[in-house]
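The values are calculated or read from the model by the stated rules, or taken from the named source; none is laboratory data. What you are looking at is a predicted structure, and each value in this text was computed from that prediction instead of being measured. Here the Cβ positions follow ideal geometry from the backbone for every residue, glycine too, while neighbour counts run over all protein chains shown.
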Amino acid sequence: MMLRDVLRDATQRLQVAGSESARRDAELLMLAVLGKSAMWLYSHDDQCFLPEQALRFDALLQRREQGEPVAHLLGERGFWTLDLRVNAHTLIPRPETEMLVEFALEKLSADVAVPVLDLGTGSGAIALAVKAERSACAVTAVDASPDALLVAHDNAARLGLVVEFLQGSWFAPLGQRRFQLVLSNPPYIRADDVHLSQGDVRFEPRSALVSGVDGLDDIRHLVSFAPLHLLPGGWLALEHGHDQSLQVRAIMQAAGFQDVASRTDLNGHERITFGRYFLGGAGTC
Ligand SMILES: C[S@@+](CC[C@H](N)C(=O)[O-])C[C@H]1O[C@@H](n2cnc3c(N)ncnc32)[C@H](O)[C@@H]1O
């Protein structure tokens, strides 16, 4: 059977299994088995799998039909300009998290050399993307999960990017250190959220997703301790759920942050909120 027909049948199988991105999923799995680019496939879709490729493709398709995320099947996910290894110990980096990277790049001019912190780094996504773009900055990344940090270390080594990785809970491993910019995509899902039993999140670590009854426990912790770890006028920027921006802004304003604002994603949802902190009150610059 020609590859284009295999792709059509695979897409139908994944649609029946409930995938919302069936065609894309099938194509990514096919490209991984072929070891070829999408461009190659478009001009060679009249070719056929070798027998062992057909078997491998079918095995991957069956796992996808059972709901396993494509990123886990491939062992990687693209984030910003980087191909990152991921596994069951890490969150699969999401496109909306790139908003935090965009925010960071706006605040860090190209030649600036300031300390930057990524809390809850997972696969290292945010820290590595910032380091890739702002090589002069000293980037530190923290995660509570030793298994996630192994993945982050591996990604940094493969990409040739130097980031300091520390294991521990939020600011705890940092002592008195202060940063110009603190970024975090913390867990922010409510413990009883029905989405936890749907789609890719079923295969991701609960500790990367859930944060108390209202989803805001970790955000409250980060906002309350950030002033002890920000340089004067330094920024804290947090990702949060699509319906949490009002609460996150209120939490930051109550903690004394200035210039608090949120930004919307491509769907029009406010997904990141940020503010800056001046020691001892309102800032002037
Ligand atoms: C939503 S995931 C974000 C991962 C990654 N930054 C990304 O955007 O793809 C949250 C991360 O926070 C980590 N985490 C959860 N609780 C933590 C804690 N108390 N201290 C440090 N990291 C924590 C989890 O292990 C997980 O890697």
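I'd like to know if region 237-253 contains one or more residues that are touching a residue at least 24 places away in the same chain (Cβ under 8 Å) and on the phi > 0 side of the Ramachandran plot.
no
Could you list, in sequence order, all residues of region 47-69 that are surrounded by 15 or more Cβ atoms within 10 Å (Cβ to Cβ) and hydrophobic (A, V, I, L, M, F, W, C)?
Matches in region 47-69: PHE49, PHE57, LEU60, LEU61.
Can you tell me which residue in region 226-245 is farthest from the chain's Cα centre (by Cα), limited to those that are part of a helix (DSSP H, G or I) and buried (at least 17 other Cβ atoms within 10 Å of the Cβ)?
Taking region 226-245 first, the residues part of a helix (DSSP H, G or I) are 226-229, 245.
Keeping just the survivors that are buried (at least 17 other Cβ atoms within 10 Å of the Cβ) gives 226, 229, 245.
Numbers: ALA226: 21, HIS229: 23, SER245: 18 Å.
Here the residue is HIS229.
Inspect all residues belonging to region 135-142 and state whether any of them is in a helix (DSSP H, G or I), surrounded by 23 or more Cβ atoms within 10 Å (Cβ to Cβ) and at pLDDT 95 or above.
Just the residues of region 135-142 that are in a helix (DSSP H, G or I), to begin with: none.
Looking for residues that are in a helix (DSSP H, G or I), surrounded by 23 or more Cβ atoms within 10 Å (Cβ to Cβ) and at pLDDT 95 or above, one finds none in region 135-142, hence no.
Against the definition (part of a loop (DSSP other than H, G, I, E, B), closer than 30 Å to GLY275 by Cβ and among the hydroxyl-bearing types (Ser, Thr, Tyr)), how does THR121 come out, yes or no? Spell out how you get there, then give the answer.
Details: part of a loop (DSSP other than H, G, I, E, B): yes; closer than 30 Å to GLY275 by Cβ: yes; among the hydroxyl-bearing types (Ser, Thr, Tyr): yes.
Here the answer is yes, as THR121 does meet what is asked.
Could you check how many residues of region 194-217 are surrounded by fewer than 17 Cβ atoms within 10 Å (Cβ to Cβ) and within 21 Å of ILE251 (Cα to Cα)?
Here is the first cut: in region 194-217, the residues surrounded by fewer than 17 Cβ atoms within 10 Å (Cβ to Cβ) are 194-200, 202-203, 206-207, 212-214, 217.
Now drop any that are not within 21 Å of ILE251 (Cα to Cα), which leaves 212-214, 217.
Looking only at that region, the number is 4.
With the structure loaded, tell me whether ALA156 is more than 10 Å from the ligand (Cβ to nearest atom), assigned by TED's automatic domain parsing to the domain that holds LEU100, crowded, with 17+ Cβ neighbours inside 10 Å and more than 21 Å from PHE103 (Cα to Cα) or whether it fails that test. Let's see the steps before the verdict.
Values: more than 10 Å from the ligand (Cβ to nearest atom): yes; assigned by TED's automatic domain parsing to the domain that holds LEU100: yes; crowded, with 17+ Cβ neighbours inside 10 Å: yes; more than 21 Å from PHE103 (Cα to Cα): yes.
When the stated conditions are applied, ALA156 passes them.
Can you go through ARG206, ARG202, ARG220 and tell me which one is out of contact with any strand residue (DSSP E or B) (no Cβ under 8 Å at 6 or more places or on another chain) and away from the ligand (no atom under 14 Å from the Cβ)? Steps first, please.
Numbers: ARG206 fails: away from the ligand (no atom under 14 Å from the Cβ); ARG220 fails: away from the ligand (no atom under 14 Å from the Cβ).
Selected residue: ARG202, the only one of ARG206, ARG202, ARG220 that is out of contact with any strand residue (DSSP E or B) (no Cβ under 8 Å at 6 or more places or on another chain) and away from the ligand (no atom under 14 Å from the Cβ).
Give the number of residues within region 102-131 that are of a type in the set (Val, Ile, Thr) and crowded, with 23+ Cβ neighbours inside 10 Å. Before you say what the answer is, go through the steps one by one.
So in region 102-131, the residues of a type in the set (Val, Ile, Thr) come out as 112, 114, 116, 121, 126, 130.
Pick out the ones that are also crowded, with 23+ Cβ neighbours inside 10 Å and you get 116, 121, 126, 130.
Total meeting the criteria: 4.
What number of residues within region 114-147 are within 9 Å of the ligand (Cβ to nearest atom) and over 14 Å from ASN185 (Cα atoms)?
The qualifying residues number 2.
Please identify the pairs in which a residue from region 128-150 that is at positive phi and assigned by TED's automatic domain parsing to the domain that holds PRO205 has its Cβ atom under 9 Å from the Cβ atom of a residue that is at pLDDT 95 or above and more than 10 Å from the ligand (Cβ to nearest atom), counting only partners at least 6 apart or on another chain.
Final answer for the pair search is none.
Report yes if some residue within region 246-258 is surrounded by fewer than 17 Cβ atoms within 10 Å (Cβ to Cβ), in contact with a His (Cβ under 8 Å, 6 or more places away or on another chain), more than 28 Å from VAL114 (Cα to Cα) and modelled with pLDDT of 95 or more; otherwise report no. Explain how you work it out, then say what you get.
So the first thing to find is which residues in region 246-258 are surrounded by fewer than 17 Cβ atoms within 10 Å (Cβ to Cβ), and the list is 246, 250, 253-254, 256, 258.
In the following step, the residues that additionally are in contact with a His (Cβ under 8 Å, 6 or more places away or on another chain) were identified as none.
No, region 246-258 contains no residue that is surrounded by fewer than 17 Cβ atoms within 10 Å (Cβ to Cβ), in contact with a His (Cβ under 8 Å, 6 or more places away or on another chain), more than 28 Å from VAL114 (Cα to Cα) and modelled with pLDDT of 95 or more.
Within region 85-94, does at least one residue satisfy the condition of being of a type in the set (Lys, Arg), under 19 Å from ALA226 (Cα atoms) and assigned by TED's automatic domain parsing to the domain that holds GLY233? Working first, answer last.
Of region 85-94, the ones of a type in the set (Lys, Arg) are 85, 94.
Within this subset, residues satisfying the condition of being under 19 Å from ALA226 (Cα atoms) are none.
Checking region 85-94: not a single residue is of a type in the set (Lys, Arg), under 19 Å from ALA226 (Cα atoms) and assigned by TED's automatic domain parsing to the domain that holds GLY233.
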